[in-house]
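Asker: I have a structure here, written as structure tokens, and I will follow up with some questions on it.
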Amino acid sequence: MLARDKVMPRLDPHCRDFIARSPFLVLGTADAAGNQDVSPRGDPPGFVKILSDGRLAIPDRPGNHRVDSLANIAANPKVALLFMVPGFNETVRVNGRATVTREPALLTSLAVQGRPAVAAILVEVEEAFFHCAKAFVRSALWDPASRADRAQMPTLGRIIADQIRGVDAAAADAAVDDDVRHNLY
């Protein structure tokens, strides 16, 4: 069966090419009890360093300061990755075992705008395969006509203020904007 037989134990040239083009991935992890987390990761295309056909390095950048993914990997090394390329309807899925490293030479090799990664997630590939385009076709995700108007929902600061007692929406919006502007890398 094609769906089963397309799964490979390593990255082939097509997977490597796709990952090199990808500016975005979703990282799935779970803690020792099986509580799951999904985290978006993004940088310029090729931000994930392909160390070999069986090993990847994903930079960890400043984020929401929760470190859920890293804590989960420490407790349960199984991870799932979903790579996307804007305009491509197919995705590449990689499943494997991860560790976290702070090895200085690797972090420097993952630098963007002169700033090394905070840490790196090393993934030993166990499965890699292309996933069909149906979800992207059905959702019209890359179709400009399907873009939602951001003004249809409140700002993130307003949402946080509605969810957390005592938070000022304008101050939260200013803090979020400042963080994106000054702490991206």
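Asker: Any residue at all in the stretch 109-117 that's at pLDDT 95 or above, closer than 21 Å to Gln36 by Cβ and either of a type outside the set (S, T, N, Q) or exposed (fewer than 15 other Cβ atoms within 10 Å of the Cβ) (or both)?
Answerer: Checked the stretch 109-117: no residue is at pLDDT 95 or above, closer than 21 Å to Gln36 by Cβ and either of a type outside the set (S, T, N, Q) or exposed (fewer than 15 other Cβ atoms within 10 Å of the Cβ) (or both).
Asker: Moving on to the next point. Here is a check on your reading of the model: is Glu103 at pLDDT 95 or above, surrounded by 10 or more Cβ atoms within 10 Å (Cβ to Cβ) and in contact with a Lys or Arg (Cβ under 6 Å, 6 or more places away or on another chain)?
Answerer: Answer is no for this residue.
Asker: In addition: Look at Val123 and say whether it is closer than 25 Å to Gly28 by Cβ, surrounded by 15 or more Cβ atoms within 10 Å (Cβ to Cβ) and in contact with a Cys (Cβ under 7 Å, 6 or more places away or on another chain).
Answerer: It is false that Val123 is closer than 25 Å to Gly28 by Cβ, surrounded by 15 or more Cβ atoms within 10 Å (Cβ to Cβ) and in contact with a Cys (Cβ under 7 Å, 6 or more places away or on another chain).
Asker: Inspect the stretch 106-113 for any residue being outside the structural domain of Ala175 (by TED's automatic domain parsing), under 22 Å from Lys134 (Cβ atoms) and touching a residue at least 60 places away in the same chain (Cβ under 8 Å) and give the result as yes or no.
Answerer: no
Asker: Something else: Say we look at the stretch 36-66 and pick out the residues that are surrounded by 16 or more Cβ atoms within 10 Å (Cβ to Cβ) and among the basic types (Lys, Arg); which of these is farthest from Val180 (Cα to Cα)?
Answerer: It comes out as Lys49.
Asker: For the stretch 21-35, how many residues are surrounded by 16 or more Cβ atoms within 10 Å (Cβ to Cβ), closer than 16 Å to Ala74 by Cβ and not β-branched (Val, Ile, Thr)?
Answerer: So the count comes out to 3.
Asker: Search the stretch 1-23 for residues that are in contact (Cβ under 8 Å) with a residue 12 or more places away in the chain and pair each with any residue that is part of a helix (DSSP H, G or I) and among the hydrophobic types (A, V, I, L, M, F, W, C) when their beta-carbon atoms are under 8 Å apart and the residues are at least 6 apart or on different chains.
Answerer: From residues that are in contact (Cβ under 8 Å) with a residue 12 or more places away in the chain, the pairs are Met8/Cys15; Leu11/Ile19.
Asker: Quick one: which of Gly63, Gly87, Gly54 is in contact with a Gly (Cβ under 9 Å, 6 or more places away or on another chain) and not hydrophobic (A, V, I, L, M, F, W, C)?
Answerer: Gly54
Asker: On the given criteria, is Ala120 at pLDDT 95 or above and over 20 Å from Met84 (Cα atoms)?
Answerer: Taking the combined requirement at face value, the residue does not satisfy it.
Asker: So Met8 fits all but one of (1) closer than 30 Å to Pro144 by Cα; (2) in contact with a Phe, Trp or Tyr (Cβ under 7 Å, 6 or more places away or on another chain); what number is the exception?
Answerer: Among (1) closer than 30 Å to Pro144 by Cα; (2) in contact with a Phe, Trp or Tyr (Cβ under 7 Å, 6 or more places away or on another chain), Met8 violates only (1).
Asker: Continuing with this model, one more query. Between a residue in the stretch 172-185 that is in a loop (DSSP other than H, G, I, E, B) and any residue that is among the charged types (D, E, K, R), which pairs come within a Cβ distance under 6 Å, given they are 6 or more apart or on different chains?
Answerer: Pairs that qualify, where the first residue is in a loop (DSSP other than H, G, I, E, B) and the partner is among the charged types (D, E, K, R), are Tyr185/Arg115.
The values are calculated or read from the model by the stated rules, or taken from the named source; none is laboratory data. Here the structure is a predicted model, which means the values were calculated and not measured. Every residue, glycine among them, receives a Cβ derived from its backbone with ideal geometry; neighbour counts consider all protein chains shown.
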